[in-house]
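Structure, as structure tokens:
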Amino acid sequence: MIDVTLARNGLREIEEVEAALKAALGTTYVGMSLRGQEVIIHLIDSATDADRLLATTTYAQALAAIDPQQPPPSQRRALKREAAQQAVAVLDYAGLKQRTAAANSVVALRAEVETLAQAIEDLVDALVLTEPNG
């Protein structure tokens, strides 16, 4: 494996630049790790000097595109997970069931189905986003 070691330069999480590296380098990109104030980009053994240069420039461009005013990906996931959990927690399931049973028109039933669909979406978000990389 060939390693390209660069300055971390304020990178908070690997996810902030990894998609750009994967897109630019394809199968040449193996992964990335952080070591103190360094970033190590791992490339396949057959990586060329051009691949190393591409890794370096792609990293610099992706790093420059990060908005430091925005929370890092893990915090954004945590905030989204918390919002989804709150939405699921406050849903009146008993009321939804009663309104659905009492619906006497397609329009009334449609509103309850849309509420249920949103609840399912919130529940899925709450469950999926509890995973470390979710």
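General observations
- Out of TYR93, TYR29, TYR59, one residue alone is of a type in the set (Phe, Trp, Tyr), under 24 Å from VAL128 (Cβ atoms) and out of contact with any Phe, Trp or Tyr (no Cβ under 7 Å at 6 or more places or on another chain). It is TYR93.
- A single entry from ALA47, ALA83, ALA87 fulfils the requirement of being farther than 15 Å from ARG8 by Cβ and exposed (fewer than 15 other Cβ atoms within 10 Å of the Cβ): ALA83.
- Residue among GLU38, GLU13 that alone is more than 23 Å from ARG76 (Cβ to Cβ) and of a type in the set (D, E, K, R): GLU38
- Selected residue (criterion: surrounded by the most Cβ atoms within 10 Å (Cβ to Cβ)) from residues of the range 16-35 that are over 22 Å from ARG76 (Cα atoms) and among the aliphatic types (A, V, I, L, M): LEU25
- Residue ID - nearest to LYS22 (Cα to Cα), chosen from residues in the range 50-80 that are surrounded by 13 or more Cβ atoms within 10 Å (Cβ to Cβ) and of a type in the set (A, V, I, L, M): ALA55
- If you go through the range 1-34 and pick out every residue that is at pLDDT below 95, of a type in the set (D, E, K, R) and over 20 Å from the mean Cα position of the chain (by Cα), you end up with 1.
- Any hit, the range 39-57, residues being at pLDDT below 95 and either at positive phi or assigned to a loop (DSSP other than H, G, I, E, B) (or both): no
The values are calculated or read from the model by the stated rules, or taken from the named source; none is laboratory data. Note that this is a predicted model, so its numbers are computed, not measured. No Cβ is skipped: glycine too gets one built from the backbone with ideal geometry, and neighbour counts run over all protein chains shown.
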